[in-house]
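The values are calculated or read from the model by the stated rules, or taken from the named source; none is laboratory data. Just so we're clear, the structure is a prediction, and the values are computed from it rather than from any experiment. No Cβ is skipped: glycine too gets one built from the backbone with ideal geometry, and neighbour counts run over all protein chains shown. Side chains included, ligands, DNA and RNA excluded: accessible areas come from the protein's heavy atoms. Shrake-Rupley method; radii C 1.70, N 1.55, O 1.52, S 1.80 Å.
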Amino acid sequence: MNRALPVVRLRVPTDEDAVAWHRIFDDPEVMEFHGGKGAELYVYEELTARQRRHDAELGFCLWTMVDENGQVIGFTGAQPWPRDWGPKGEIEIGWRLGRAYWGKGYATAAAQMTLERLRAAGVEKVVAMVRPGNERSVAVTRKLGMELAETFPHPQFQEDALCFRLAL
């Protein structure tokens with residue numbers, strides 16, 4: 001059964017969104033595949049500022065996701081791969097949602113919007129890096145038509161990170 005995707009809006013992150021991200025991501029389940037615990041507020045302040053720069057310079061970023069009621073529910077979007085390992089020099093698509101919003105189609109709807117915006121910005125291909133066991137994120141990559149292309153040894157965890165790819 002195909003259900004309709006929910007209404008979701010993407011916007012360039014604001015200073016206030018850093019506070020919202022800090023609040024909704026301060027959950028061990030949300031952070032299970034991102035180190036297991038929430039980050040300090042300053043991390044989200046730096047992240048939102050960096051995303052505003054990406055949007056201004058590249059035409060895309062990790063956008064704040066807002067639901068049909070105007071509530072900040074997470075982020076999705078794309079950015080240049082920010083680490084010194086993995087798919088260096090490539091554009092990574094990603095998403096993170098507050099737990100109350102899992103399983104409702106928000107990540108898929110927002111990621112599809114992201115792909116449309118990336119195509120419009122001239123991006124030709126994207127990657128999604130996912131830790132093994134993160135079946136919710138793997139499911140989103142499949143719904144987007146991405147395919148597992150390779151793995152990279154993760155520098156912090158005793159596992160290989162999964163690299164999904166999609167030509168746009």
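May I ask you to list the residues in the range 1-54 that are open to solvent by less than 20 Å² (accessible area, probe 1.4 Å) and either basic (Lys, Arg) or in contact with a Pro (Cβ under 7 Å, 6 or more places away or on another chain) (or both)?
Scanning the range 1-54 gives 48, 51.
Scan the range 118-160 residue by residue and report those that are assigned to a helix (DSSP H, G or I) and not charged (D, E, K, R).
Selection gives 118, 120, 137, 138, 139, 140, 141.
Out of all the residues in the range 1-38, which are in a loop (DSSP other than H, G, I, E, B), in contact with a helix residue (DSSP H, G or I) (Cβ under 7 Å, 6 or more places away or on another chain) and touching a residue at least 60 places away in the same chain (Cβ under 8 Å)?
5, 6, 13, 27, 29, 30 - these are the residues of the range 1-38 that are in a loop (DSSP other than H, G, I, E, B), in contact with a helix residue (DSSP H, G or I) (Cβ under 7 Å, 6 or more places away or on another chain) and touching a residue at least 60 places away in the same chain (Cβ under 8 Å).
Does residue 114 meet the test of being hydroxyl-bearing (Ser, Thr, Tyr), surrounded by 15 or more Cβ atoms within 10 Å (Cβ to Cβ) and in contact with an Asp or Glu (Cβ under 6 Å, 6 or more places away or on another chain)? Outline the logic, then answer.
On the way: hydroxyl-bearing (Ser, Thr, Tyr): yes; surrounded by 15 or more Cβ atoms within 10 Å (Cβ to Cβ): yes; in contact with an Asp or Glu (Cβ under 6 Å, 6 or more places away or on another chain): no.
The answer is no for residue 114.
Of everything in the range 78-104 that's open to solvent by less than 20 Å² (accessible area, probe 1.4 Å) and in a loop (DSSP other than H, G, I, E, B), which residue is nearest to residue 136 (Cα to Cα)?
Once the filter is applied, the top-ranked residue is 98.
Pull up the range 63-77, narrow it to residues that are among the small types (Gly, Ala, Ser) and under 14 Å from residue 108 (Cα atoms), then point me to the one that is nearest to the chain's Cα centre (by Cα). Break it down stepwise before answering.
Let us first name the residues in the range 63-77 that are among the small types (Gly, Ala, Ser), namely 70, 74, 77.
Narrowing the set further to residues that are under 14 Å from residue 108 (Cα atoms) leaves 74, 77.
Values: 74: 9, 77: 6 Å.
For the range 63-77, the residue satisfying everything is 77.
For the range 67-76, how many residues meet the condition of being buried (at least 19 other Cβ atoms within 10 Å of the Cβ) and either in a loop (DSSP other than H, G, I, E, B) or in contact with an Asp or Glu (Cβ under 9 Å, 6 or more places away or on another chain) (or both)?
Qualifying residue count for the region: 3.
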